[in-house]
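Structure, as structure tokens:
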Amino acid sequence: MRLVHITDPHLTDLGDYRPGPGSGKRWLSWLSWIRKRRFHHRREQLDRLVEQLAGHQPDLFLVTGDCCQIGLPQEIDQAREWLDELNQVAPVMVVPGNHDIFAEDSITPVQQSWSRYFHANGSDPIWPARLTIGPVSILGLNSALPTAPLLASGQIGKAAMQATESMLQELEHQFRIVMLHHPPIEDLTPRRKALRDDHRLSRVLQDAGAELVLHGHMHCNLRHELKRKDGQTLPVFCTASASSTHSDHPASARLFEVKKLQAESECTAWRVDMQLLSMDPSGQLKLVERDQWQINQGPESSGPDHSINT
């Protein structure tokens, strides 16, 4: 199965919208967009990225949030239209980011407009969402919630955390992918932008187990690792914004090829091939990093066997 991770496209156009200072957080974020961010996130860059990714014939797009700027109803609809277009290339699974569920009045429009791409429970999704395709199961977590001005933090919440742990345990023989917007590891971002219960989520991932974690929010390409209870390494990837024109962190996508190997005894093995593709100044996607590893499941399992080609 070939999976593509893209994140933080910030694709919406605010058009003629002009909030006043009384709009609080929306006004501050609008100013940031007008003064700086709109020059760093370009729709044409995103379109070039998706056009070239289509040539890789993905089986599924995993989008980890921040399709919008300030969570306006018209933005949410515009983002849904883009998700519809992306879905013509390959099926899509999305989780919201803090710029999508930007305020209380963003929650219902996001749930209603994007529900089919959550793969959750209709227009009133229950998290975590779950999509299973053959031996691969993807769990989508909603870490987005409205916050006060100058905050961009997130939270999974007690009920969703418990459901995530139970679901990961139930799916222990599947290749389990967890996707969310905020990083699930402590100290990767300032606390005002962090997942409030990141320590708890890290423990759940370590104890219940998963094979791959994908997130966004940080607008750069990063890899971290968690040590699972069974001794195996759990890779955690962040990908740069899919619309970025920033020279240090250009628009990027990650391709994951997941293959189930022939089982030996009671142990199941998976081979994972990861390619990091980034846009060069000429507008072409180039391979900048490649990694391949094996994951073993079962009583004879041990840590991943890495074979790295850069």
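Bear in mind that the values in this text are calculations on the coordinates, not laboratory data. Keep in mind the model is a prediction, meaning the values are calculated, not measured. Heads up, the Cβs are rebuilt from the backbone with ideal geometry, glycines too, and the neighbour counts pull from every protein chain shown.
Table for the structure above
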{"quantity": "Order of His181, His199, His219 - criterion: other Cβ atoms within 10 Å of each residue's Cβ, fewest first", "calculated": "His199, His219, His181"}
{"quantity": "Between the range 38-110 and the range 224-255, the Cα center-to-center distance that results, in Å", "calculated": "18 Å"}
{"quantity": "Long pairs among Lys36/Lys193; Lys227/Lys286; Lys25/Lys193; Lys193/Lys259, criterion Cα-Cα beyond 26 Å", "calculated": "Lys227/Lys286; Lys193/Lys259"}
{"quantity": "On Cα atoms only, tilt of 73-89 relative to the major axis of the chain in degrees", "calculated": "40 degrees"}
{"quantity": "Residues Ile185, Ile156 arranged by fewest to most Cβ contacts within 10 Å", "calculated": "Ile185, Ile156"}
{"quantity": "Global form of the range 135-276, assessed from the alpha-carbon gyration tensor, a/c cut-off 1.5", "calculated": "oblate"}
{"quantity": "Least to most buried among Arg35, Arg42, Arg254 (fewest other Cβ within 10 Å first)", "calculated": "Arg35, Arg42, Arg254"}
{"quantity": "Correct choice for mean projected area of the Cα convex hull in nm² that was computed from the model, options [x] 20.6; [y] 19.8; [z] 15.1", "calculated": "[z]"}
{"quantity": "Full-stretch length increase - Glu81, Gln206 - with 0.36 nm per residue and alpha-carbon distance subtracted", "calculated": "41.3 nm"}
{"quantity": "Loop-located GluC sites (Glu not before Pro) in the range 159-239, at most 14 other Cβ atoms within 10 Å (DSSP)", "calculated": "Glu172, Glu186"}
{"quantity": "Point-to-point label distance, Thr108-Gln292, nm (Cα→Cβ direction, 7 Å offset)", "calculated": "5.2 nm"}
{"quantity": "Rounded to 10°, Cα long-axis angle of helix 104-118 versus longest principal axis of the chain", "calculated": "40 degrees"}
{"quantity": "The chain - mean residue ellipticity at 222 nm from DSSP helices (-39,500 (n - 2.57) per run, n ≥ 4, rounded to 500)", "calculated": "-7500 deg cm²/dmol"}
{"quantity": "Helix 198-208 vs. the chain, principal-axis angle (Cα, 0 to 90°, nearest 10)", "calculated": "30 degrees"}
